[in-house]
């Protein structure tokens, strides 16, 4: 190749450490004939004075051109001084940081990229075509992730290994169970067998920014987001958002009266020795898988469930005494789901069925318990033996009407008679998303 006599080097190049980019930098200076410093000489198609960004240094072949300039000579119009800056680029990030919460982990990495088409140190042809400084058509709907350089994309962390085996480490007195389409099994067995963990631990793109102020270089600042490992917490889910646990009321009723026990509220002491615990795990998917939606009692969308108990019945006693229970209790569950009828002790010391129980209702429609009793007073009756009449809070009652309904129970009985914990509340919300893919946080609460 013929030597270009219109430009010649001025001494050896200067090699130094660039404190900002963290790379070795090489600067070469040349003296060029005056005509070469003109617009025609700079843009000459066959022998341009300004070389393409990314051109390799003739001696230090690992260094790529990022900047060049021309300075006029103070003493002559026949010459000018050319400066070319080359940088020893890396294919990896130049700095990184990490932030973690129980639910999300974010890794921030910064890259220095050639502002030009270069498959190793710059942009691919398709990405460069979308670059704001090069695109012929501006698309305002595109963001930095649409023209991400290869080395930035390769900086995405490896997928973490996540499983749901610790769902068995609940620490509750009664084993957590789920019931799907009439089939009951332990919560841990269901999660580990039916819920896929294939996409768990995947890193999704987060924030991204590109600084284009440096000559020939783009400074990329990107973030990838993944989720933490599953964990149990004390307390129940808060349907109003935030991390505070909301109190759950356990409701029971018998001949002694109404029993309300609260458990799981943030900042309050419990009136019960029962523990409330919530299992927190994450699903990575566009829509919530049906296997998880069924556990939560809903469809594949965000939201949650909060149980309730409704009291609407009246007890009538003799001597004009009566008790009316009319109350809607939010965030409440009935104590146990059985098919046994509710019985009160009688005046004679036996038991009398007063309520008929279905899975989600207690019906009081069995009174009056005796017709034409003819109550005289003092526990005496004129026409019948009053020993078969039920008693409530120590008083003989003539009839009871109404119902108790509930949407969830604290405990259930398995087919072999074992008491197990039921789901009392659920909460599912996306906590991060990229395009259509979401990181869903799922919270399943038990009391037992």
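Tabulated results
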read-out	value
Selected residue (criterion: nearest to residue 274 (Cα to Cα)) from residues of segment 427-437 that are in contact with a strand residue (DSSP E or B) (Cβ under 8 Å, 6 or more places away or on another chain) and surrounded by fewer than 21 Cβ atoms within 10 Å (Cβ to Cβ)	429
Residue in segment 239-249 that is at pLDDT 80 or above, touching a strand residue (DSSP E or B) at 6+ places or on another chain (Cβ under 9 Å) and not in a strand (DSSP E or B) present	no
Check on residue 341, at pLDDT below 85 and out of contact with any helix residue (DSSP H, G or I) (no Cβ under 7 Å at 6 or more places or on another chain)	no
Residue check, residue 59 loosely packed, with under 15 Cβ neighbours inside 10 Å, under 42 Å from the mean Cα position of the chain (by Cα) and either on the phi < 0 side of the Ramachandran plot or at pLDDT 90 or above (or both)	no
Answer residue from segment 76-131, given it is loosely packed, with under 14 Cβ neighbours inside 10 Å and in contact with a helix residue (DSSP H, G or I) (Cβ under 6 Å, 6 or more places away or on another chain) and is nearest to residue 61 (Cα to Cα) among those	91
Candidates 20, 68 - the one that is at pLDDT 90 or above and closer than 28 Å to residue 220 by Cα	68
Yes/no for residue 260 being at pLDDT 90 or above, farther than 17 Å from residue 448 by Cα and either out of contact with any helix residue (DSSP H, G or I) (no Cβ under 8 Å at 6 or more places or on another chain) or surrounded by fewer than 15 Cβ atoms within 10 Å (Cβ to Cβ) (or both)	no
Answer residue from segment 414-424, given it is modelled with pLDDT under 85 and in contact with a strand residue (DSSP E or B) (Cβ under 9 Å, 6 or more places away or on another chain) and is surrounded by the most Cβ atoms within 10 Å (Cβ to Cβ) among those	414
Residue 329 vs. criteria surrounded by 13 or more Cβ atoms within 10 Å (Cβ to Cβ), in a strand (DSSP E or B), modelled with pLDDT under 85 and under 36 Å from the mean Cα position of the chain (by Cα)	no
Top-ranked residue in segment 6-17 [being in contact with a strand residue (DSSP E or B) (Cβ under 6 Å, 6 or more places away or on another chain), part of a loop (DSSP other than H, G, I, E, B) and at pLDDT 90 or above; ranked as nearest to residue 109 (Cα to Cα)]	13
Per-region count, segment 332-365, residues under 20 Å from residue 388 (Cα atoms) and not in a loop (DSSP other than H, G, I, E, B)	12
Condition check for residue 226: more than 19 Å from residue 90 (Cα to Cα) and modelled with pLDDT of 95 or more	yes
Those strands (runs of 3 or more DSSP E) lying entirely in segment 404-443 with at least 3 residues closer than 21 Å to residue 223 by Cα	423-434
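Here is a yes/no grid of residues against (1) under 18 Å from residue 252 (Cα atoms); (2) modelled with pLDDT under 90:
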position: 372; (1), (2): no, yes
position: 382; (1), (2): no, yes
position: 386; (1), (2): no, yes
position: 393; (1), (2): yes, no
position: 397; (1), (2): no, yes
position: 410; (1), (2): yes, yes
position: 430; (1), (2): no, no
position: 435; (1), (2): no, no
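The values are calculated or read from the model by the stated rules, or taken from the named source; none is laboratory data. Predicted, not measured: the structure shown is a model, and the values here were computed from it. In this analysis, Cβ positions are derived from the backbone assuming ideal geometry, glycine residues included, and neighbour counts consider all displayed protein chains.
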